[in-house]
Amino acid sequence: MMAGDAASSAEAIILEHHAASHAAVIRFNRPTGRNPLSTSTLEELERTVSALARRSDVRKIIFTGAGEVFASGANIREVAVLTGESARAFALRGQRLMQMIESLSALTIAAVNGYCMGGGLDLALSCRLRFASKAAVFAHPGARLGIITGWGGTQRLPRLIGTARALEFFTTARRLTSDEALEIGLVDRISDPVLDCALEHASKI
């Protein structure tokens, strides 16, 4: 059953339930804006994840995106007007959410369908598994803007791919293809359609 069938395209998040596999799919749904993780989207995502965590019938949670984008991270227009105090609060909000996702008892899978940038990559790193489509692209582009992620990616990425590779990734802001991401252990599998692969995997567990 798809809870998001009647949802309008204006919704930042669509929630879909797949009862047969005890799975829920959280889909970022603003592809024209590259699925940004704005403050309002973070708030909605936190409410959604918290509600799913309390459900005994949801044993797997899959994150994916609409269009050609998984998620592009923080809204740059929001970041540009942050003060020192509000920047700290914004970083802590993102950290709490990523920690919540990482601590879920449900199996979490990032089904990366396209561009996975900045805070979107931080979210994928918070999941237990990461599957990618062939067209997926990964980057932390903050170095080009004079900023760096504050949502835990600087801690999780080195643990996953090693300190040297992570430092190079953060400081050069270069983009990785799905093949490169698989080679260094950033993703666990490449498959298309990637959401189908994640649902199939979830159904076997």
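Here, each number is a calculation from the coordinates, and none is a lab measurement. All figures in this text were calculated on a predicted structure; none of them were measured in a lab. Note that each Cβ is placed from the backbone with ideal geometry, even for glycine, and that neighbours are counted across all protein chains shown.
If you go through the range 129-183 and pick out every residue that is within 23 Å of Ser103 (Cα to Cα), free of Cβ contacts under 8 Å to residues at least 24 places away in the same chain and of a type outside the set (Val, Ile, Thr), you end up with 5. Every condition in (1) free of Cβ contacts under 8 Å to residues at least 24 places away in the same chain; (2) under 25 Å from Val137 (Cα atoms) is met by Ala51 except one, and the failing one is (2). Residue-level analysis places Ala53 outside the set of residues that are of a type outside the set (Val, Ile, Thr), in contact with a strand residue (DSSP E or B) (Cβ under 9 Å, 6 or more places away or on another chain) and within 16 Å of Ser178 (Cα to Cα). When residues in the range 124-137 are screened for being part of a helix (DSSP H, G or I) and either farther than 19 Å from Val69 by Cα or in contact with a Ser or Thr (Cβ under 8 Å, 6 or more places away or on another chain) (or both), 1 of them pass. When Gly94 is tested against (1) under 11 Å from the mean Cα position of the chain (by Cα); (2) without any contact (Cβ under 8 Å) to a residue 60 or more places away in the chain; (3) in a helix (DSSP H, G or I), just one condition goes unmet, and that condition is (1). Taking the conditions (1) closer than 19 Å to Arg27 by Cβ; (2) out of contact with any Ser or Thr (no Cβ under 6 Å at 6 or more places or on another chain) in turn, Gly146 satisfies each one other than (1).
Counting just the residues of the range 122-160 that are surrounded by fewer than 19 Cβ atoms within 10 Å (Cβ to Cβ) and of a type in the set (A, V, I, L, M, F, W, C), which one comes out nearest to His201 (Cα to Cα)? Across the range 122-160, the extreme among qualifying residues is Leu129.
Restricting Arg156, Arg144, Arg96, Arg130 to residues that are touching a strand residue (DSSP E or B) at 6+ places or on another chain (Cβ under 7 Å) and charged (D, E, K, R) narrows the list to Arg130.
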